[in-house]
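Since the structure comes first, as structure tokens, the remarks are kept for the end.
The values are calculated or read from the model by the stated rules, or taken from the named source; none is laboratory data. None of the values given here were measured: they were computed from a predicted structure. Cβ coordinates were reconstructed from backbone atoms using ideal geometry, including for glycine residues, and neighbour counts include every protein chain displayed.
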Amino acid sequence: MLPITGYADRLSVQPGHPIAFKVSSDRTGHYRARLVRVVSGDPNPEGQGIVERPVPSALEGTYPARFQPVHLGSYGRVDDTAPLRALESFTVMATVWPTTPGRGEQGIVSRRVGLDGPGFSLLLGADGGVAAVVRDAAGVEARAGTGRPLRQRAWYRVWMSWDAGRGRLVVGQAPLAPVVGDAEPVTASARAPVAGPLDVDAPLSIAALGGDPVGGHYNGKIERPMIIARALAPAAVQRALDARRRPRGLAACWDFSREIGSTRIVDVGPSRLDGQLVNLPARAMVGSNWTGREMCWRHAPEEYGAIHFHDDDIHDCGWETDFTFQVPDDLPSGVYAVRLERDDGAGDMIPFYVRPRRGRPTARHCVLIPTFTYIVYTNYQRHNADAAYRARVAAWGARPWNPDDHPDYGLSTYDFHSDGSGICYSSRLRPAINMRSGFLAYVDPRGSGLRHFPADTHLLAWLDRMGHQYDVITDEDLDEEGVDLIRPYKVVQTCSHPEYHTPGTLQALESYTAEGGRLMYMGGNGFYWKVARNPDLPGVVEVRRGEGGIRAWAAEPGEYYNALDGEYGGLWRRNGRPPQRLAGIGFSSQGLFEGNHYSRTAVADDPRVAWAFEGVEARDFGGYGFSGGGAAGFELDRHDARLGSDPNALVVATSRGNHRREAFVLVPEDLLTNVYNWTGEPDDDLIRADMVYFERPNGGAVFSVGSITFCGSLPWNGCDNDVSRLIDNVLRRFRDT
């Protein structure tokens, strides 16, 4: 764990409202907290360095340090109730699709005191086969296991049956798709004089063994776990699982196809023993009966009755609050952080955003902070924290902690679960190791190697240096309040990589420009992936890596629809809203973290846009910067009329021909065969960043730069450069005219 770290209960807060901070320290004693305004988060000694302005505040002071743990792993919890306590003879069964059989004991359905106390468990044994245990308060135990490992990612019926009168335990497994060597059901049994009923004071756990903290997490899918209050023979178990009617003696049956968009698990049995999911296992997963006729779980929920559990899922760390800050009425909108400092030199920062009061903007332009993208990338393990990386960190005094070394706080949706499946949920209710000033994403030979939060401070530092007054709002704010939130502003300016958007944020921006607002899209690969939210799960976003796209992992067939909102996920382009429709350009190519220059086109001299280039004398500009060494780099966007670029858009500059072909690839959604791509243009021509300007009805306008590395060029040479002059011209024109 980190020496000291923390998170806030929200990322955005209005003046006059509270924000709560939760802190954990690996040693007791005390730490100090103070408030700063973040200006620059780039530790590169060739630039400004990290710049933070102290802000006197009521939160400043000394606080007692304490350790607060993180408990990874998802499971279902059903509180202890009379029907469970009354069980004597019983049968537990489920349909499972295990992903890590043989990786220790993993609970399927369990109700025990602790991991080794009295109760019962149906589980995967350490040998990968199905096992069961029944144990009474005196320590008398019956245990049995099939000894035959289950195949990974194959469906099985599994069960345990306990006959209290005979003291006999039977456990079994049966493959739903038999193969040679694993074609027949297999059972095992044991006898022991276990006293009953098993009246233990413990909740029932699904996908875990139980305990406090809960352990023995299961990896894989579970479908329709069921308890019958009598001992069944193996043939009767099969009939009970296949039956459409309620089996005789049914005590509980959890139908995971109910309320898929929630964290509730519904018992359709007589006692309604509904439960709660912990740590967000993946729902809207295809079940053992999926036919492939329906791809949307809303159309055939009965075929989506599985939940995929993981031993490294995380939602809310659930830490207690250490201190709360009531934001003063006069605190200006901006990017702030609480600095935590211990006497031994250990420290951390917890960033947050102060937005203006609702309906009371304090500037003529606002910066839209891409917090959905930050959340999606939270704790991304890039697996590049090698010796060269650590040497750069040490030389620059950069942030010394990297997610590669600290999976303790959960990973990002760019990573894989321990069972090899892609991570589809991410939450801000946990420490974000990479959302900090001074965090290096790469060893950048020509720049700083920053992404996301610290990279976006290049824009903030430039605004500060140039004297531009601005408000900040976040994606969450925009999603919840819509276009009304940004309508008062003359200009909305994005950061370097606004990749992830909900239907609400995208619609708000489209409405804003159509009503006369001016949008400055200051990055690349923006408005690309669709994410889902649920008002009952604040701070959580979901992404499904559906068909096509530059993707970190691929969703399983049939699992392209979001669980949180029931909508088709994946690329916005696949949802009929390509980025070109809003910004005039959209993602075209990805390469190494390197940049190059733009070349002005003849259109840049058109009187409709020539004002933007006043003071920009060179035809080629931007071949410098703190991100990859150039303004056009890493991920590039192009103009494309077929994808919705405005017919009046002027391509005023481009980086076509300026990139090493061996370092860049086309986005896969543009590739058709080894010979043809979607556009019909030469592949080399699609590897480019296009800078566009176009006007919208009612006085609206859009200026888009088309490159992730662009903002890194703004503060170059103390902001005295052509990129800086260009953006200053556009911002002033958009804001003041």
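In table form, for the structure just shown:
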quantity: Strands (runs of 3 or more DSSP E) (entirely within the stretch 441-523) containing at least 1 residues that are at pLDDT 95 or above and over 21 Å from ARG732 (Cα atoms); calculated: 471-474
quantity: From the options GLY114, GLY76, GLY125, residue that is of a type in the set (Gly, Ala, Ser), under 12 Å from LEU209 (Cα atoms) and under 29 Å from the mean Cα position of the chain (by Cα); calculated: GLY76
quantity: In the stretch 346-360, residue nearest to PRO3 (Cα to Cα) [restricted to those that are outside any strand (DSSP E or B) and either in contact with a strand residue (DSSP E or B) (Cβ under 6 Å, 6 or more places away or on another chain) or assigned by TED's automatic domain parsing to the domain that holds VAL51 (or both)]; calculated: ALA346
quantity: Residue in the stretch 669-677 that is in contact (Cβ under 8 Å) with a residue 40 or more places away in the chain and either in the same structural domain as GLY622 (by TED's automatic domain parsing) or in contact with a strand residue (DSSP E or B) (Cβ under 6 Å, 6 or more places away or on another chain) (or both) present; calculated: yes
quantity: Any hit, the stretch 555-565, residues being surrounded by fewer than 23 Cβ atoms within 10 Å (Cβ to Cβ), among the hydrophobic types (A, V, I, L, M, F, W, C) and over 13 Å from the mean Cα position of the chain (by Cα); calculated: yes
quantity: Of all residues making up the stretch 102-132, the number that are closer than 16 Å to ALA188 by Cβ and touching a residue at least 24 places away in the same chain (Cβ under 8 Å); calculated: 14
quantity: Residue in the stretch 311-333 that is under 23 Å from the mean Cα position of the chain (by Cα), farther than 22 Å from PRO431 by Cβ and surrounded by 21 or more Cβ atoms within 10 Å (Cβ to Cβ) present; calculated: no
quantity: Matching option when the condition is more than 30 Å from SER421 (Cα to Cα) and surrounded by 14 or more Cβ atoms within 10 Å (Cβ to Cβ), among GLY73, GLY49, GLY61; calculated: GLY49
quantity: Options SER121, SER89; residue that is modelled with pLDDT of 95 or more, in the same structural domain as LEU198 (by TED's automatic domain parsing) and among the hydroxyl-bearing types (Ser, Thr, Tyr); calculated: SER121
quantity: Matching residues, the stretch 137-157, being within 29 Å of ALA195 (Cβ to Cβ) and among the charged types (D, E, K, R); calculated: GLU141, ARG143
quantity: Search result, residues across the stretch 680-695 that are aromatic (Phe, Trp, Tyr) and in contact with a helix residue (DSSP H, G or I) (Cβ under 9 Å, 6 or more places away or on another chain); calculated: TYR693
quantity: Among (1) in the same structural domain as SER24 (by TED's automatic domain parsing); (2) outside any loop (DSSP other than H, G, I, E, B) - the single one PRO332 does not satisfy; calculated: (2)
quantity: Test: residue in the stretch 649-668 that is closer than 18 Å to ILE550 by Cβ, of a type in the set (S, T, N, Q) and not in a helix (DSSP H, G or I); calculated: no
quantity: Cβ pairs under 8 Å, 6+ apart, first in the stretch 383-396 and more than 8 Å from LEU440 (Cβ to Cβ) and in the same structural domain as LEU440 (by TED's automatic domain parsing), second in a loop (DSSP other than H, G, I, E, B) and aromatic (Phe, Trp, Tyr); calculated: ASN384/TYR442
quantity: VAL603 vs. criteria surrounded by fewer than 24 Cβ atoms within 10 Å (Cβ to Cβ), part of a loop (DSSP other than H, G, I, E, B) and β-branched (Val, Ile, Thr); calculated: no
quantity: Single match in GLY595, GLY615, GLY584, GLY625 (criterion: among the small types (Gly, Ala, Ser), surrounded by fewer than 23 Cβ atoms within 10 Å (Cβ to Cβ) and modelled with pLDDT of 95 or more); calculated: GLY615
quantity: Where a residue in the stretch 153-168 is at positive phi and its partner, wherever it lies, is outside any strand (DSSP E or B) and among the hydroxyl-bearing types (Ser, Thr, Tyr), with Cβ under 7 Å and at least six apart; calculated: ARG153/THR99
quantity: Cβ-Cβ under 7 Å pairs, at least 6 apart or on other chains, the stretch 571-600 side in the same structural domain as ASP722 (by TED's automatic domain parsing) and under 24 Å from LEU509 (Cβ atoms), far side hydroxyl-bearing (Ser, Thr, Tyr) and surrounded by fewer than 20 Cβ atoms within 10 Å (Cβ to Cβ); calculated: ASN575/TYR568
quantity: Among (1) modelled with pLDDT under 95; (2) surrounded by 15 or more Cβ atoms within 10 Å (Cβ to Cβ) - the single one ASP684 does not satisfy; calculated: (2)
quantity: Tabulated pairs, the stretch 551-566, first more than 15 Å from ALA282 (Cβ to Cβ), second in a loop (DSSP other than H, G, I, E, B) and of a type in the set (A, V, I, L, M), C-beta under 9 angstrom, 6+ apart or interchain; calculated: ALA552/ILE423
quantity: Residues within the stretch 531-550 that are in contact with a helix residue (DSSP H, G or I) (Cβ under 6 Å, 6 or more places away or on another chain) and not in a loop (DSSP other than H, G, I, E, B), tallied; calculated: 1
quantity: Neighbours by Cβ (under 9 Å, 6+ apart or cross-chain): first from the stretch 711-734, surrounded by fewer than 21 Cβ atoms within 10 Å (Cβ to Cβ); second among the β-branched types (Val, Ile, Thr); calculated: ARG725/VAL616; ASN729/VAL616
